[in-house]
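The structure appears below as structure tokens.
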Amino acid sequence: MFKTRRRAQQFLVIAADDSGPHDMQRYGYGLALALSLSLIFACTGKQNDSTLQLRPYSHTILNGSSSSSNVWSEKDLEVTVTASDRVPIDRHEAQLAHSSVIYGLAEVANTSNVNAICHAQLKHVQRGILNKQPWAMKVLDASGAKSSGFVFGQNYWLGSREGCSSVQRPMAITLSKNYERIMHHGLITQQAPFGMDYRVVYLRHNSPWQVEIKLMSEQILHIGLCLPSVCQSSEIQQLTRDYVAGSFKENDIFELQPEVLYVKDLKLRDVFYDRLSFKLVVGFVLATCAFMLCAQQLSVAKQLPPEGHEDGVGLAPVESEIWRALHSMLQWRPLQSFVSCYDVVSNWRRIFATRESSPSQIPLLNGLRSVCAIWILIFHVVWFMYFTVHNKTELISYAEQIFFQYVSSAPLLVDVFFTISGFLQTYNFLRNVKQMEAVRQNGLMANTKLFGKLLFHRYLRLGPLYIIIIGSVDLVFAYIGDTSVYHIHERFDELCARHWWRNLLFIQNLFDLQDMCVNWSWSVACDMQFFLLANAILFLYAKRPKWARLVAVAGLLATITWSYSIGINSKFEFSFDTVYGTGTQIYISPFVRVLPYIVGSMAAWCFLKRRLRCKLSDMQQRWLWHFCLLVFFICIYSTVKRDFGHLVTISLFVLGRVAFSLSVCWMIVGSATGRGVWWSRLLEARCFQHMNRLSYAIYLLNPMVIALVYGLTNSSTHADPLMLCVVSCGFTVIVYLTSIVFSMAFELPYSNLSSLLLSKPKTT
């Protein structure tokens, strides 16, 4: 380079000495040509480290600084491609080809697997890495490579999404010039000469050198790459296939044998806003906000004195017309009653209200439901964390340790809700003497109408919040499916688009777990089905008590027999892979999960009919309370040993759930009769009244919120006990606040409407 520059200078000196005024004009074109050649050779030369430290690197041809357009011309491509022959071979080139995915892709790139501009820019990235240009080193550093911990589940070679962004724009950081630094200053200021995007390539590996737990899609490699924006995802996918079929596969000691699945550009597609769920959720939210505003205006209007309340006073003409129309509509009494159900102030007071429990109430239920809802939330924190941590095997090993059994056995707590539902359904029905007498006196048609009325009010109380959650889950998973760095195994946006009608009918648990929309709602479907079954038996009990008792006992024996047969045929074990593999047959099956509901219903019948009445001393009652708590925790910790035989395992599963439900029944009965001990008094605390009103929203919302937060993270995490505690506390607060909003908007208004319809007097 320097020889060329000196020759050009000598040429200029000779031309100046040997020529006159007329000769200068003759040599003008030669001078221009010599200057142009010297500048071109100077630009194509390799810069040393001192140059990189002192001034920013200029890519005049590649970034199009002399032109307003960012599109490369054919001349630029020709110059760039032919210039690659002059790049010196770096001594680390062979190592980079096998250790760096981004360098390997650039190595195998050619005009047959990518477009010409993408090929040229990939080659420029390759040369930039070899020449150690700061922008290219940032590209190399931001792209993922094989990490340690692969044996125990490290499949997240994500690199740095933020690092790739810094290639496009300077880092927003200020460093003082008062200190000497050994760093290359271009690491902060230097930008890529063309657009770069962060992509994630997903590969399924078949390595025998990784622990396989058999929980969903655990063998998916996530490789984050900082690539030129002009490279299409389909081209990157084909380029990756060519790469893994070459050096990546042959030099991999872990025998990955990868299969390229797809490439994600992490950009939200336009079809997101065309989804039916988006339109329905937005419409539902807008209608709810409108009703809340109407309720607020109605509440203000009632507080104004009659003589000072004039339509349109102090309003602009358009606002005045809108207000007059709204005010005239709100004069209709039925509409006033409906809109009042959305009153924000009254619903807020209702959520946070606490009062002394009446003798007819069972205060322990508030604490029991609240604690179990938070307990299950913590389980979901760990469950969804499994898909984002890079030490999956260690996380599962934590779950099998005795200290963490209270988390890994949390799904058993769903039986608490079933036991409570069964007890309250029978307890409230039998105590309603007027309704019992009506059922006895009514004929088939009248009882069918009454049965339908009970079903309608049940659906009205549970349905609206449930429906808005389904729509929200569809949108959330569509969003993270496009923008999250993680491979989303459970694509509820696709499942809900096909199977939403199952959820609306509360029959989704009758189908395969893998095809279920909002799969954690299986318990809501079970509860609705058990409600219908219990009402049918209670209607029969009002007419034929003996037959109803026989049906209940037969149902209890049938579910025990069914559970044994399914458990033995499927070789059921407490190991996580077996529990997940038998989820459809055992975990979500209503024929298996109805057991605690029947036990709770029988306990309520025995309590009201005083069939198990016996006199116990205070000491005996206290010991019985403590014994029930002991049974409760023995059932929770019974899975600490997970390698029992099939018959022993299914016996523990079935009989343990019976004992578990009976312990919960004793707590309910003891609280209903006013007896208790110090720990039961804690569960009867008035603060749990507030949490109990949010328990339904907490149960439905927490998986969606947890999945959304995890899906928005850009790097995998390391699971350890301290991190689990901190993350669980944070999610508890987030879900609690979200539940207040959703409960006030989509649950309490319809609960108020149900109460309003039930209290409405009949007209003749």
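The values are calculated or read from the model by the stated rules, or taken from the named source; none is laboratory data. This one's a predicted model, so the numbers in the text were calculated from it and none came from an experiment. Heads up, the Cβs are rebuilt from the backbone with ideal geometry, glycines too, and the neighbour counts pull from every protein chain shown. Please note that ligands, DNA and RNA were not included when accessible areas were found on the heavy atoms of the full protein model with its side chains. Shrake-Rupley method; radii C 1.70, N 1.55, O 1.52, S 1.80 Å.
Kindly list the number of the only condition in (1) open to solvent by 20 Å² or more (accessible area, probe 1.4 Å); (2) at pLDDT 90 or above; (3) among the hydrophobic types (A, V, I, L, M, F, W, C); (4) in contact with a Lys or Arg (Cβ under 8 Å, 6 or more places away or on another chain) that fails for Leu175.
(2)
Gln401 - would you say it is open to solvent by 50 Å² or more (accessible area, probe 1.4 Å), under 30 Å from Ser716 (Cα atoms) and either touching a residue at least 60 places away in the same chain (Cβ under 8 Å) or of a type outside the set (Phe, Trp, Tyr) (or both)?
Judged against the criteria, Gln401 is a match.
So which of Glu212, Glu162 ends up being at pLDDT 90 or above and surrounded by fewer than 17 Cβ atoms within 10 Å (Cβ to Cβ)?
Selected residue: Glu162, the only one of Glu212, Glu162 that is at pLDDT 90 or above and surrounded by fewer than 17 Cβ atoms within 10 Å (Cβ to Cβ).
Please determine, by comparing only the residues of segment 247-259 that are surrounded by 21 or more Cβ atoms within 10 Å (Cβ to Cβ) and under 32 Å from the mean Cα position of the chain (by Cα), which one is modelled with the highest pLDDT.
Ranking the qualifying residues of segment 247-259, first place goes to Pro258.
Name the residue that is modelled with the highest pLDDT, counting only residues in segment 110-159 that are assigned to a helix (DSSP H, G or I) and under 20 Å from Tyr486 (Cβ atoms).
If we take residues in segment 110-159 being assigned to a helix (DSSP H, G or I) and under 20 Å from Tyr486 (Cβ atoms), then Ala142 is modelled with the highest pLDDT.
Residue-wise test of (1) under 21 Å from the mean Cα position of the chain (by Cα); (2) surrounded by fewer than 17 Cβ atoms within 10 Å (Cβ to Cβ); (3) among the basic types (Lys, Arg); (4) under 30 Å from Phe746 (Cβ atoms).
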position	(1), (2), (3), (4)
Val200	yes, no, no, no
Arg204	no, yes, yes, no
Pro208	no, yes, no, no
Ile220	yes, no, no, no
Glu235	no, no, no, no
Leu239	no, no, no, no
Ala245	no, yes, no, no
Leu268	yes, yes, no, yes
Leu276	yes, yes, no, yes
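Among the residues of segment 581-625, what is the count of those that are open to solvent by 50 Å² or more (accessible area, probe 1.4 Å) and within 30 Å of Val211 (Cβ to Cβ)?
3
Out of Arg241, Arg181, which single residue is out of contact with any Lys or Arg (no Cβ under 7 Å at 6 or more places or on another chain), without any contact (Cβ under 8 Å) to a residue 40 or more places away in the chain, among the basic types (Lys, Arg) and part of a loop (DSSP other than H, G, I, E, B)?
The conditions single out Arg181.
Given the structure, is Met445 more than 30 Å from Val201 (Cβ to Cβ), assigned to a helix (DSSP H, G or I), among the aliphatic types (A, V, I, L, M) and open to solvent by 20 Å² or more (accessible area, probe 1.4 Å)?
So Met445 passes the test.
Only one of these is part of a helix (DSSP H, G or I) and open to solvent by 40 Å² or more (accessible area, probe 1.4 Å): Phe418, Phe456. Name it.
Phe456
Cβ-Cβ distance below 8 Å, separation of 6 or more or different chains: which pairs start in segment 715-735 with a residue that is assigned to a helix (DSSP H, G or I) and end on one that is surrounded by fewer than 16 Cβ atoms within 10 Å (Cβ to Cβ) and among the polar types (S, T, N, Q)?
Met723/Thr717
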